[in-house]
Amino acid sequence: MIFLTRRATFSASHYYWNELWPAEKNQHVFGRCANRNGHGHNYTLEVTVAGEPDAVTGFVVDLKWLKEVMEREVLAAYDHRHLNLEVEEFAAGKLIPTTENIAISAWKRLQPSIDAAGGAHLSRVRVYETPEIFAEYRGGQ
Amino acid sequence: MSAAAKAYFGRRYQLSASHRLHTDSLSAEENREAYGKCNNPHGHGHNYVVEVLVGGDVDPETGMVVNLAVLDEAVGKHVVGRFDHRNLNLDPVFRDQVPTTENLCTVLFSLIQDALPVGRLERVRVEETENNFFECYGSRRDRG
C-alpha cells in the first residue's frame, strides 16, 4: 500500500459562533475567534489517498487528476470565501467552521469523486489553519 | 450540528534549550565515542519544535476536539514554561537519564498526557533540527 499526498492552499475568512449560546459564552469559549466581523487564514489542504500502484502507469492516482478533484470539490467552494456566509455546510450557523470541521467537510466533498474513480481510497485529510495549527480527519466515527 | 466524529487536532510549539549528551555509566572516552560533538562539556542548544496531536470526538457544540487556548495553556505551563530557555541536563527529570531527543520526547509525552484537558494524546513529535525528529505514540489505552 502506498500513501500519496497532495497539497493545495486556499484563503478564506470565518468566525466561531454557536447560535444556541448567548454572546458572552461565545466570547468566553472562542475568544478572538468570536469576532463576528470575521478574520482570515491562508489554509493548506493536504489530501492523502492510499492504494497500490497501477501495473501499467506506476501511479496510485494521477496527481493531475487529484489536483483537479481538490480544486473542483473544495477550493472552488472555499477559496476567497467567507466560510460562515458563503459555504453551504457552514452557512446559517449549521456548522462552526473550526479547523476540525473544515477537515471533515473537505473529506465529505472529496470522497465521492475519489470513490467513484475506483482504485485508491481517501485515507486522510489534514487542514492547516496556520503552519502551527492543523486538524485531520481519517473518516469513520 | 452533525453527530460527533473522531478527528485530530495538531499544534506545534517551539522551545529553545541547551543540553549535553553524557552518561556517568561510560568513561570519558566512551562518552566522546558515543555522542561525538554532543558530548562537548559546555553543552549546546537547539530550537526544538514539539508537535502535539490530540485525538477525540469533535464536540458538536464547539466544533472542536480540544480548545486551542486550553491546550496552549496546558502545554505552556507544563512544557514550554518548564524547558524553554533552560538547560535540560539541570531539570530533575534528566538527573538519571541522558537528555537525548528520544528521552525528551518520552518525557514530553508523559507530561502532556497528564496535563491534557480533553481528548487522547495520540502522538508527540520532537524536531531537534529541520533534519531530524523523534515521535512517541500513545498506547491503545483509551483516556476519558
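Please treat every number below as a calculation from the coordinates, not as lab data. All figures in this text were calculated on a predicted structure; none of them were measured in a lab. Cβ sites come from the backbone with ideal geometry, for glycine too, and all protein chains shown count toward neighbours.
Details
- Residue under evaluation residue B:99, criteria (1) buried (at least 20 other Cβ atoms within 10 Å of the Cβ); (2) part of a loop (DSSP other than H, G, I, E, B); (3) over 15 Å from the mean Cα position of the chain (by Cα), criterion not met: (3)
- Test: residue in the range B:20-32 that is over 22 Å from residue B:137 (Cα atoms) and within 14 Å of chain A (Cβ to nearest Cβ): no
- Restricting attention to the range A:66-100, the residues being closer than 28 Å to residue B:54 by Cα, among the charged types (D, E, K, R) and either in contact with a Cys (Cβ under 9 Å, 6 or more places away or on another chain) or away from chain B (no Cβ under 14 Å) (or both) number 2.
- Top-ranked residue of the range A:7-29 - restricted to ones that are outside any loop (DSSP other than H, G, I, E, B) and in contact with a Ser or Thr (Cβ under 8 Å, 6 or more places away or on another chain), ranked as nearest to residue A:121 (Cα to Cα): A:7
- Any hit, the range B:78-94, residues being more than 18 Å from residue B:122 (Cβ to Cβ) and within 14 Å of chain A (Cβ to nearest Cβ): yes
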